[in-house]
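Chemist: Here you go, one structure.
The values are calculated or read from the model by the stated rules, or taken from the named source; none is laboratory data. Predicted model, so just to flag it, every value in this text is computed and none were measured. Cβ sites come from the backbone with ideal geometry, for glycine too, and all protein chains shown count toward neighbours. Heavy atoms of the whole protein, side chains included, go into the accessibility calculation; ligands, DNA and RNA do not. Shrake-Rupley method; radii C 1.70, N 1.55, O 1.52, S 1.80 Å.
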Amino acid sequence: MPLIQVVVASTREGRIGQSVADWVLEVGRARGSAEVELVDLKDVALPMFDEPKHPRLGQYVHEHTKRWSAGVARADGFVFVTPEYNHSFPASLKNAIDYLHNEWQYKPVGFVSYGGVAAGTRAVQALKPVLAALQMVPVLEGVNIPFVHANLGADGRFNAPDGLADATRLMFERTEFWIGRQSSLYHGR
């Protein structure tokens, strides 16, 4: 089965991303057609990019980079769970992306964005050119959650509005489709 990593982009205290990502994991795992695992950038805890050589070379000197590289390299695709910060995505996600190069290439990425009225859509639009530079494949079928605070229970758990699970299943389906296409085209699988 392919491995899809659900990446929690926000690292700040009081973040909603973890609750949203937990729900995304449930939906993805219930499909049963891919291994779905959580990657929390808060736990990864990368310092601001500190490698002396360009990531394209893969000549990493720091253990945190080597761990990050190995984790990303084993994934076949990704789902980025991201808020919108000032019409873009969090610096923590940009930093995590910039640490690596070859490990990202040709892999599909789905998006679950959240926020207020714009539902994090501007964050996704800002991400796409960054990911295109790495030759990643953005999945068009995304999940956008407006007014995310209104969907949090008293316990902090995300309670998805009607229809959102269907959109999330479709995003996973398309991510898996592109995993299959990319594997056969670029890796001879």
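Chemist: Please report, to one decimal in angstroms, the Kirkwood hydrodynamic radius of the stretch 1-105 built from all distinct Cα-Cα pairs. Provide the component values of the computation, followed by the final result.
Modeler: Numbers: mean 1/r = 0.0693 Å⁻¹.
Mean inverse Cα-Cα distance, inverted, gives 14.4 Å.
Chemist: If only Cα atoms are counted, what is the Rg of the stretch 74-139, and what is its Dmax, in Å?
Modeler: Values for the stretch 74-139 (Cα only, Rg and Dmax): 11.4, 36 Å.
Chemist: Cα to Cα, under 22 Å, and not fewer than 8 places away if on the same chain: which lysines meet these conditions relative to Lys66?
Modeler: Lys42, Lys53, Lys94, Lys107
Chemist: For the chain, with a Gaussian network of springs between Cα atoms less than 10 Å apart, report the residue from Phe147, Phe172, Phe80 with the top mean-square fluctuation.
Modeler: Of Phe147, Phe172, Phe80, the most mobile in the Gaussian network model is Phe147.
Chemist: Are there trypsin sites (Lys or Arg not before Pro) in the stretch 113-177 that DSSP marks as loop and that have at most 16 other Cβ atoms within 10 Å, and which are they? Please list the in-between numbers first.
Modeler: Numbers: sites: Arg122, Arg157, Arg169, Arg174; in loops: Arg157.
Here the trypsin sites (Lys or Arg not before Pro) that fit, given the DSSP loop and packing criteria, are Arg157.
Chemist: Here's another thing I want to ask about it. Percent of Cα-Cα pairs more than 22 Å apart in the stretch 54-189, please. Provide the component values of the computation, followed by the final result.
Modeler: Numbers: 3968 of 9180 pairs.
So the portion of pairs separated by more than 22 Å is 43 percent.
Chemist: Cα gyration tensor of the stretch 60-103, axes a ≥ b ≥ c as square roots of the eigenvalues: rounded (a/c below 1.5), prolate (a/b > b/c) or oblate? Provide the component values of the computation, followed by the final result.
Modeler: On the way: a/c = 2.96, a/b = 1.65, b/c = 1.80.
Since a/c reaches 1.5 but b/c is at least a/b, the shape of the stretch 60-103 is classed as oblate.
Chemist: For the chain, with all protein chains present and a 1.4 Å probe, just round the carbon and sulfur fraction of the accessible area to a whole percent.
Modeler: Carbon and sulfur atoms account for 52 percent of the accessible area of the chain.
Chemist: Further question: What would the Debye formula give as log10 I(q)/I(0) at q = 0.14 Å⁻¹ for the alpha-carbon point model of the stretch 9-63, no solvent?
Modeler: -0.59
Chemist: Under a GNM of the chain (C-alpha, springs under 10 Å), which listed residue has the highest mean-square fluctuation: Glu103, Glu63, Glu51?
Modeler: Result: Glu63 has the largest fluctuation of those listed.
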